[in-house]
Amino acid sequence: MTRTTRTLLALLATSTALAAPTHAAEFKTVDPAQSRIGFAYTQMGVGMDGSFGKFTAKLAFDPARPEQGKAALELQIASIDAGSSEANDEVKAKDWFNTAAFPTARFESGAIKPLGGNRYQLNGKLTIKGRTHDITTPVSFTPSGKSGSFDGVFAIKRSDYGIGEGQWADVGIVADEIRIKFHIVAGQ
């Protein structure tokens, strides 16, 4: 084999290797102990925060192929922390979340669109109290070795989901807009 032939074969092998698609590792194991789902709202003009303590999530996300990613989350509504035991009991009642009839809320992604720079647009459906609406939220992804975190914030109208009915339907007392904040940590 001549030196020129060896050089051409080496170049061909190198160009073939470079042209082959490379894929990052898929993030699919959610760590609930490091993850958080919270919410913020305004009550009588005062900003309030709360969180949910229990949820399960399924994730399949490869940063090299984000459009093929999938995410699903099921939230245990009774795990709510609205700031006090009295508030926690109140929001579990029929006029609010009605956890006896609707113990979970569910989000399921339909599409992930890359926006550049580890930013994505997550589209999906959110179901609370048997009512389903489309949700679009920006998400940032921060890789860290064999794990990574997904962070985002989106707003919903509580009236769209029947959260706060009866005497609580007045959005002058509790604002209609609820901001949902999430920090999901996942590993490979």
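The values are calculated or read from the model by the stated rules, or taken from the named source; none is laboratory data. Keep in mind that what you see is a predicted model, and the values were worked out from it rather than measured. Because the Cβ atoms are built from the backbone with ideal geometry, glycine has one as well, and the counts that use them run over all protein chains shown.
Identify the residue in segment 138-148 that is assigned to a strand (DSSP E or B) and touching a residue at least 40 places away in the same chain (Cβ under 8 Å) and, among all such residues, is surrounded by the most Cβ atoms within 10 Å (Cβ to Cβ).
PHE141
Here's the yes/no breakdown for (1) of a type in the set (S, T, N, Q); (2) in contact (Cβ under 8 Å) with a residue 24 or more places away in the chain:
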position	(1), (2)
GLY38	no, yes
VAL46	no, no
SER51	yes, yes
LYS54	no, yes
ALA60	no, yes
ALA93	no, no
PHE102	no, yes
ALA111	no, yes
PRO114	no, yes
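For ALA155, state whether it is surrounded by fewer than 15 Cβ atoms within 10 Å (Cβ to Cβ) and either closer than 21 Å to SER79 by Cα or out of contact with any Ser or Thr (no Cβ under 9 Å at 6 or more places or on another chain) (or both).
yes
Only one residue in ASP89, ASP95, ASP81, ASP31 is exposed (fewer than 14 other Cβ atoms within 10 Å of the Cβ), within 25 Å of ARG158 (Cα to Cα) and of a type in the set (Asp, Glu), so which one is that? Steps first, please.
Values: ASP95 fails: exposed (fewer than 14 other Cβ atoms within 10 Å of the Cβ); ASP81 fails: exposed (fewer than 14 other Cβ atoms within 10 Å of the Cβ); ASP31 fails: within 25 Å of ARG158 (Cα to Cα).
After ruling out the rest, the residue left standing is ASP89.
Looking at this structure, is GLU108 acidic (Asp, Glu), assigned to a strand (DSSP E or B), touching a Gly at 6+ places or on another chain (Cβ under 8 Å) and closer than 21 Å to LYS157 by Cα?
Answer is yes for this residue.
Name the single residue, out of those in segment 172-187 being in a loop (DSSP other than H, G, I, E, B) and modelled with pLDDT of 95 or more, that is farthest from ASP134 (Cα to Cα). Break it down into steps so the answer makes sense when it comes.
First pass over segment 172-187, keeping only residues in a loop (DSSP other than H, G, I, E, B): 172-173, 175-176.
From the residues that got through so far, the ones that are modelled with pLDDT of 95 or more too are 175-176.
Values: ALA175: 20, ASP176: 17 Å.
Among them, the one singled out is ALA175.
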